[in-house]
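Take a look at the structure set out below.
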Amino acid sequence: MAIALGIPLFIGKGRIENVEDARMAVYILEDMQKNGTLASIPAEDEVIRFSEKITQLKNKRFFDIRLRRIYEIQAIDSFLRERNLIKGNDAVYFTSLLDNWQYSNNPVRQSGKRFSLGITPSFNYSGNSNSNSLPQKSTNKYGSVDVTARYLVNKPVSLNFQRDYGFEVGYLNNSYTANHMAPNIPDGLEKNNQFHLSSFLDYGFYPNSRSFHQLKFTGSAQRYWIAQPDYRFIRNLNSVSLETGISGYFYFSQRLRLNYNLSGRYFPTGTYYTTYTTKSRNFDGYFSVYFTYSLF
């Protein structure tokens, strides 16, 4: 049997919102202009109202996906016609509109700033038993309290570029208890405290509605104070992690697509016992590239 409970309680200032709907509005209008079905260039406030209309439609609840699609396309078409933005009424216009509606809302992009401060208490319990010739029963209890402060900034620099960064600092208090109701298996108790600090910086490049490329930089540091009464010593553990990576998805054609992911990490650690110290420097990396080609 296992039970896990955790309740994050945060307060803050600021707001971060998704901007995929605004991006979709621009893509729809740009494709209409390329296809010769845009009657006039809309003003900025009209583009904003168009994106708000898209958001309203996406938040509307439907139980039938086919009826929902019909309603959404009709609503978008009516919105554009009411503002005299449509020139012509051919298949090119409708297929372009449907294509953008289905595929121009990914990946997720956000805009805004937010500072938050909070506490997250959590509790985990697990227990097991067996009825062998030597009956055994054990229980494990884990409780923690994490106090964290975060600051996040998401900035769409333009339709094609995104910059995100953030910082986090926190203090975590843990306690772990293991009870073994069996001979020759000692009980265990561990209490530790952790100070953690992390930051990230991400750049995104979105050349069109189908492809994207992301460059990431991440850094973190932790310091643990671990008390183990059973062994009568205090152990400190320090660790640092520096990581960078690039990933993306490239749409060449209807048949050919490319996914790639390249990352590297450096993470030195130091463990300090009462009588000796261990240190290590570690490197690891990951690389993957694969093509998707559809034969039929």
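This table checks each residue for (1) at pLDDT 90 or above; (2) small (Gly, Ala, Ser); (3) not assigned by TED's automatic domain parsing to the domain that holds Arg163.
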site	(1), (2), (3)
Ile73	yes, no, yes
Ile76	yes, no, yes
Phe79	yes, no, yes
Lys87	no, no, yes
Phe115	yes, no, no
Pro121	yes, no, no
Asn124	no, no, no
Gly127	no, yes, no
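Of everything in segment 1-57 that's of a type in the set (Gly, Ala, Ser) and in contact with a strand residue (DSSP E or B) (Cβ under 7 Å, 6 or more places away or on another chain), which residue is farthest from Ser104 (Cα to Cα)?
Within segment 1-57, the subset of a type in the set (Gly, Ala, Ser) is 2, 4, 6, 12, 14, 22, 25, 36, 39-40, 43, 51.
Applying the additional criterion that residues be in contact with a strand residue (DSSP E or B) (Cβ under 7 Å, 6 or more places away or on another chain) yields 2, 4, 6, 12, 14, 39.
On the way: Ala2: 42, Ala4: 38, Gly6: 36, Gly12: 32, Gly14: 27, Ala39: 22 Å.
Filtering segment 1-57 for residues that are of a type in the set (Gly, Ala, Ser) and in contact with a strand residue (DSSP E or B) (Cβ under 7 Å, 6 or more places away or on another chain), the one farthest from Ser104 (Cα to Cα) comes out as Ala2.
Conditions (1) exposed (fewer than 15 other Cβ atoms within 10 Å of the Cβ); (2) modelled with pLDDT of 95 or more, marked per residue:
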{"residue": "Leu172", "(1), (2)": "no, no"}
{"residue": "Tyr176", "(1), (2)": "no, no"}
{"residue": "Ile185", "(1), (2)": "yes, no"}
{"residue": "Glu190", "(1), (2)": "no, no"}
{"residue": "Gln194", "(1), (2)": "no, no"}
{"residue": "Ser198", "(1), (2)": "no, yes"}
{"residue": "Tyr206", "(1), (2)": "no, no"}
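With (1) basic (Lys, Arg); (2) part of a loop (DSSP other than H, G, I, E, B); (3) at pLDDT 95 or above as the list, and Lys216 as the residue in question, which single condition is left unmet?
Looking at each condition in turn, Lys216 falls short on (2).
Which of the numbered conditions does Ile65 fail, given that it passes all the others? Conditions: (1) at pLDDT 90 or above; (2) aliphatic (A, V, I, L, M); (3) under 27 Å from the mean Cα position of the chain (by Cα).
(1)
If a residue must be charged (D, E, K, R) and modelled with pLDDT under 85, how many such residues does segment 226-278 contain? So that I can check it myself, show each step before the final result.
Filtering segment 226-278 down to residues charged (D, E, K, R) leaves 230, 232, 235, 243, 255, 257, 265.
From the residues that got through so far, the ones that are modelled with pLDDT under 85 too are 230, 232, 235.
Total satisfying the criteria: 3.
The values are calculated or read from the model by the stated rules, or taken from the named source; none is laboratory data. Every value quoted in this text rests on a predicted model; they were computed, and no experiment measured them. Don't worry about glycine lacking a Cβ; one is built from the backbone with ideal geometry, like all the others, and counts go over all protein chains shown.
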